[in-house]
1. Using a 1.4 angstrom probe, figure out how much accessible area region 138-202 has per residue, in square angstrom, rounded to the nearest whole.
2. Leaving out ligands, DNA and RNA, and with a 1.4 Å probe, what % of the accessible surface on region 1-85 is carbon or sulfur?
3. When ligands, DNA and RNA are left out and all protein chains stay put, how many square angstrom of accessible area per residue does region 1-104 have with a 1.4 Å probe?
4. Using helices alone, what [θ] at 222 nm do you get for the chain, with -39,500 (n - 2.57) per DSSP H run of 4 or more residues, divided over all residues and rounded to the nearest 500?
5. Apply the a/c threshold of 1.5 to the C-alpha gyration tensor of region 1-71 and tell me whether it is rounded, prolate or oblate.
6. If you roll a 1.4 angstrom probe over the protein chains with everything in place, what fraction of the accessible area of region 104-220 belongs to carbon and sulfur, to the nearest %?
7. Would you mind checking LYS41/LYS209; LYS77/LYS141; LYS105/LYS141; LYS59/LYS141; LYS115/LYS209; LYS16/LYS209 for any pair whose Cα atoms are more than 31 angstrom apart?
8. Rounded, prolate or oblate for the chain? Axes are the square roots of the Cα gyration tensor eigenvalues, ordered a ≥ b ≥ c, and the cut-off for rounded is a/c under 1.5.
Amino acid sequence: MRHLAIIMDGNGRWAKARRKPRLAGHRAGADALDRVMRYCKDAGIEYLTVYAFSTENWKRSKTEVSGLMKLLSSFMKSKRDELVGQGVRFMVIGRRDDLSTKLQKEIASLEEATKNGRFTLAVALSYGGRDEIVRAAAKFKGGGEKEFSDCLDTAGIPDPELIIRTSGELRLSNFLLWQAAYSEFYFTDVLWPDFSKEDFDMALASFSKRERRMGGRAKR
Ligand code: FPP
């Protein structure tokens with residue numbers, strides 16, 4: 001598998017169960033992301049795309065939205081050297097114009113510093129699959145599926161073979177709509193901050209058991 005995508009769901013419920021503020025759940029979620037990134041590298045996966053903030057998430061409380069933005073900013077700062085040292089290419093997909101100028105600058109700087117990394121971490125921020133398709137359509141100058149894919153935020157990245165969603169929800173929630181055309185899905189009740197190496201291994205084992213016929217097209 002080259003590309004794994006994850007809907008990191010359940011941070012709020014994880015925090016609630018511990019009588020902690022929602023942001024504590026997101027913080028634990030960021031730690032889980034850090035761990036899972038390592039599992040992916042060890043498994044030889046080349047691309048990890050995670051849903052960190054949807055276009056819908058702007059409707060959450062001001063405190064939660066600003067807390068998530070701060071968390072992202074401190075994640076980028078504290079992980080910078082590690083990402084560069086470990087050959088991780090950091091990138092953001094989504095409506096980055098919606099983010100503060102300061103955050104946009106921090107993102108651009110980290111993208112530039114990590115551009116030669118062999119492992120890609122793509123963070124979906126203010127991301128919606130339909131929105132991405134509408135923006136791609138505006139750029140599209142004609143051609144076929146390949147040319148259209150090249151207009152998406154994920155241009156140059158292969159489609160995800162597997163999409164994992166944690167915390168028991170069985171929906172795609174506007175994540176990677178175009179790219180998920182042939183993806184396998186793995187759902188687990190585990191809340192994202194609790195997602196362990198064992199859970200990761202189970203998801204990969206389930207994936208490798210499935211026959212991927214993809215409507216008669218050759219295996220990718
Ligand atoms: C869904 O849980 C999770 C989010 C909306 C945010 C995901 C963000 C992180 C995992 C951490 C930040 C990421 C980076 C890159 C530092 P929820 O709040 O919807 O949980 P609930 O459904 O239990 O309320």
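The values are calculated or read from the model by the stated rules, or taken from the named source; none is laboratory data. Keep in mind the model is a prediction, meaning the values are calculated, not measured. With ligands, DNA and RNA removed, areas are computed over all heavy atoms of the protein, side chains included. Shrake-Rupley method; radii C 1.70, N 1.55, O 1.52, S 1.80 Å.
1. For region 138-202, the solvent-accessible area averages 49 Å² per residue.
2. Details: 2230 of 4390 Å².
Reported share for carbon and sulfur atoms: 51 percent.
3. 51 Å²
4. That calculation yields -13500 deg cm²/dmol at 222 nm.
5. prolate
6. On the way: 3220 of 6100 Å².
The computed percentage sits at 53.
7. LYS77/LYS141; LYS59/LYS141; LYS115/LYS209; LYS16/LYS209
8. Note, shape of the chain comes out rounded.
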